[in-house]
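**Student:** Before I ask anything, let me first share the structure, which is written out below as structure tokens.
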Amino acid sequence: SSASLQILASMPSRTIGRSLGAIISQYCNRTARLRRRSGRPPLQQLCRAARPSLRHYDLESDPSRATLQEKRRLLVKELLSLSPSQCSHMLLTMPLSLAEKRILRRQLSGQRGPVRQRAHGWGPVSPCAWSRVCVGLVSRRHSSAQRLGGLSAGSSLTALPCCSPQGCRGLWYRLLSLLRAAQPGHYALKQIGGRFGSSVLSYFLFLKTLLVLNFFSFFILLAFVVVLQAVYPSASVSPQPFTGLELLTGAGYFTHSLLYYGYYSNATLNDPCSSTPEGSVCPFPAPLLPYNLPLAYLFSVGVSFLVTCILLVYSVSRSFRESVKSSTGDLAIKVFCAWDFKVIQRRSVKLQCENICTQLKELLAERRSRCRSQSRCQCLGHGLVVLLAWLLALGWVSGCVLAVHYLLEHMHMGSGRWQQEAILLVLPLVVSLLNALMPHLFNLLAMWEKQDSPVTRVSVAIFRNLILKVVILSLLCYHWLSRSVICSTEECWETCVGQELYRFMVMDFIFTLLDTLFGELIWRLILEKRLKTKQRPEFDIARNVLELIYGQTLTWLGVVFAPLLPAVQMLKLLLLFYIKKTSLLRNCQSPSKPWQASRMSTVFITLLCFPSFLGAAAFLSYTIWSVRPSETCGPFRGLETIYKSGKRWVLVLEKSNPNITWFAWVYQHLLENTCLLFFMSVALIAVIYFNIQVVRGRQRVICLLQEQIANEGEDKLFLMQKLRSVYEQRGR
């Protein structure tokens, strides 16, 4: 009715920003206040009577109501008085159309040109300013979204000196944008998210997370162990000639190198008397703080695991926090608010169109899956099929475990022929073959089950593959700790375990490449050339994610036995990123059933934290506390356990420097005390528990806020009816 329209027109939310002149006047007042802020003292230092009134700055209060051109001219005049960075930021935040921003920018550049000409041309440009321009141009070339309405970098050469805080801040922001653009796959991730959706994108984001975790572990071990051992090399056996087979087996030339445990010494590196024969007097004084390599080895591994644990807990909590967001109203937000008006490049515009289209498909598919319902008979029949599929899957897993166990026992029944380097590849070959073939059998079971939800299908496939890999890895860990690994008498058993883990990683990478070649490229060529169909294979998220978790578990298991194994894993992940990205874009199609992967990302990082990381930590903890190290090689030779190296170092430290006996007390009462480990475990469990409770509390708050929003809408309808009745009575 007319009364309702009159009420709606007088609402404050409808009057703000209704006219273009009001917006321009509002920002003209804001720029005037920003310019005058630096030239007057704070209001807190003035008495109340002396404080200036800001009412005369409001152009809307003027009864003459200046025209749009006058308001635009005043705004340009106020913008000219600001610094270029403030002017660019002000233009960027104005709620104006692109055409209006172009007009303002054209007037600004037209009025700044004569000012520069009156200033006798270009002023002297410092090298720092030229570096800012170059960095700005490079970052603008690599970025996919450019800011509109701002001034160019070249227009601020004379107005913004290099030594000013604004200049340094602008240079810092451009460097940050350049570093972000230089990340591996910066544009490829956007392209993958636009064409294939968040489900496939979650795999590549998970791969980048693993790359960050391995970088921290590798940096700690490199800085405190590997580099120092390379500077103070130990007198080791002469290396064997390099034949090329070492890249597969990890033995031969690599055996006596920095890659494995057996190369590292048990000496104090900065002690000049370490090479003095026993019984003789050392002419040099002992160092004040001896660098004990065994203790550095142990503490570097412990600190790397601690940093990894902190990063994993943070990632899990952040993932839980992001998965709490309700999907109610997401469809309307994507339809009306998803477009980014700062994007102007043709390639970026096309990419954003594909991304929004894929997200809308995911939201519609999720909403459609909620509306489906089945009868009781259908649910009962589907449940029986799922039960039979799980029994078949567990039977296949048991058969694989028995095959691996038989192979382990049979390898040790042979004689010296099993000691050849090529035969060492048999066990990794069989295990990698099983890990590559079983997911395809599980996919056949999934086709028989006919799960409606893609999330359920991926979750079931992940857990079946996870059971297979966990059982096989548990059997292999028992095999390694029982020291039944194939090893020569002159080598450390720790080095042999490190070599076997290296072979498992290399063989897993080879089978991943073969699966990418035959499962995606060859299959795509068969579908297109022979079968003459446009259909392409889909990207198997469950299998690929489990391969990443499996490889990362092997890396964590081998940190003690091969300190450079995180570097091998980083190289493997980088190659996998570009190989999988190229194969995905050229050989695969988007998922036939789009689905959102916000909760699946939480599942991925949780599986990495609890079965993978905690299992590797338990294995290494048992190795450090209970397993006796080798007697002839390695940094912990001659000790009962690896943990005993801490006590020996504390005794040496007390003798070398009596002033730091307090450290021995700290080590004895804190590090050796089991109560500290107990309290740390309780604290970790408490943090996880409180995060879970916070997530649940936020879910309840979101539900309450949604109800409150619905009640607010009903309140508005009620008030509208009352106000309409009041207007009608007043009209009569």
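**Student:** Name the one entry in LYS581, LYS572 that is in a helix (DSSP H, G or I), open to solvent by less than 30 Å² (accessible area, probe 1.4 Å) and charged (D, E, K, R).
**Tutor:** Working: LYS581 fails: open to solvent by less than 30 Å² (accessible area, probe 1.4 Å).
Answer to the selection: LYS572.
**Student:** Testing ALA618 on (1) modelled with pLDDT of 85 or more; (2) surrounded by 14 or more Cβ atoms within 10 Å (Cβ to Cβ); (3) in a helix (DSSP H, G or I), one condition comes back false. Which one is that?
**Tutor:** It is condition (2) that ALA618 fails.
**Student:** If you take the residues of the range 452-470 that are modelled with pLDDT under 85 and surrounded by fewer than 17 Cβ atoms within 10 Å (Cβ to Cβ), which of them is farthest from LEU608 (Cα to Cα)?
**Tutor:** Looking at the filtered set, the residue picked out is ASP452.
**Student:** Still on this structure: Let me confirm something: among GLU520, GLU500, GLU528, which residue is more than 33 Å from the chain's Cα centre (by Cα) and either of a type outside the set (Lys, Arg) or modelled with pLDDT of 90 or more (or both)? Lay out the reasoning, then the answer.
**Tutor:** On the way: GLU520 fails: more than 33 Å from the chain's Cα centre (by Cα); GLU500 fails: more than 33 Å from the chain's Cα centre (by Cα).
The conditions single out GLU528.
**Student:** Could you tell me whether any residue of the range 345-362 is modelled with pLDDT of 85 or more, touching a Leu at 6+ places or on another chain (Cβ under 9 Å) and open to solvent by 40 Å² or more (accessible area, probe 1.4 Å)?
**Tutor:** Checked against the condition, which is being modelled with pLDDT of 85 or more, touching a Leu at 6+ places or on another chain (Cβ under 9 Å) and open to solvent by 40 Å² or more (accessible area, probe 1.4 Å), the range 345-362 yields no hits at all.
**Student:** Which one of the conditions (1) more than 30 Å from LEU222 (Cβ to Cβ); (2) under 22 Å from the mean Cα position of the chain (by Cα); (3) open to solvent by 30 Å² or more (accessible area, probe 1.4 Å) does GLU538 fail to meet, given that it meets all the rest?
**Tutor:** (2)
**Student:** Given the condition among the β-branched types (Val, Ile, Thr), more than 28 Å from PHE511 (Cβ to Cβ) and out of contact with any Leu (no Cβ under 8 Å at 6 or more places or on another chain), answer yes or no: does some residue in the range 629-645 qualify? Reasoning before the result, please.
**Tutor:** Initial filter on the range 629-645 (among the β-branched types (Val, Ile, Thr)): 632, 641-642.
Pick out the ones that are also more than 28 Å from PHE511 (Cβ to Cβ) and you get 632, 641-642.
Still in the list and also out of contact with any Leu (no Cβ under 8 Å at 6 or more places or on another chain): 632, 641.
Yes: the range 629-645 contains one or more residues that are among the β-branched types (Val, Ile, Thr), more than 28 Å from PHE511 (Cβ to Cβ) and out of contact with any Leu (no Cβ under 8 Å at 6 or more places or on another chain).
**Student:** Name the pairs whose Cβ atoms lie under 7 Å apart, with the first residue in the range 678-702 and over 28 Å from SER621 (Cβ atoms), the second assigned to a helix (DSSP H, G or I), and 6 or more positions between them or separate chains?
**Tutor:** VAL695/PHE320; VAL695/ARG321
**Student:** Would you check if LEU288 is modelled with pLDDT of 55 or more and open to solvent by less than 30 Å² (accessible area, probe 1.4 Å)?
**Tutor:** Answer is no for this residue.
**Student:** Just a yes or no: is a residue in the range 405-422 modelled with pLDDT of 75 or more, open to solvent by less than 60 Å² (accessible area, probe 1.4 Å) and either over 30 Å from VAL497 (Cβ atoms) or β-branched (Val, Ile, Thr) (or both)?
**Tutor:** Checked the range 405-422: no residue is modelled with pLDDT of 75 or more, open to solvent by less than 60 Å² (accessible area, probe 1.4 Å) and either over 30 Å from VAL497 (Cβ atoms) or β-branched (Val, Ile, Thr) (or both).
**Student:** Something else: If we scan the range 488-502, do we find a residue that is more than 20 Å from ILE423 (Cα to Cα) and either in a helix (DSSP H, G or I) or of a type in the set (D, E, K, R) (or both)? Spell out the reasoning first.
**Tutor:** Just the residues of the range 488-502 that are more than 20 Å from ILE423 (Cα to Cα), to begin with: none.
No, the range 488-502 has no match at all.
**Student:** Across the range 193-245, what is the total count of residues that are among the polar types (S, T, N, Q), open to solvent by less than 30 Å² (accessible area, probe 1.4 Å) and under 30 Å from PRO635 (Cα atoms)?
**Tutor:** 3
The values are calculated or read from the model by the stated rules, or taken from the named source; none is laboratory data. Nothing here was measured: the structure is a model prediction, and the numbers come from that model. Note: ideal-geometry Cβ built from the backbone for every residue, glycine included; neighbour counts use all protein chains shown. For the accessible areas, the whole protein counts, side chains as well, though only heavy atoms, and no ligand, DNA or RNA atoms are used. Shrake-Rupley method; radii C 1.70, N 1.55, O 1.52, S 1.80 Å.
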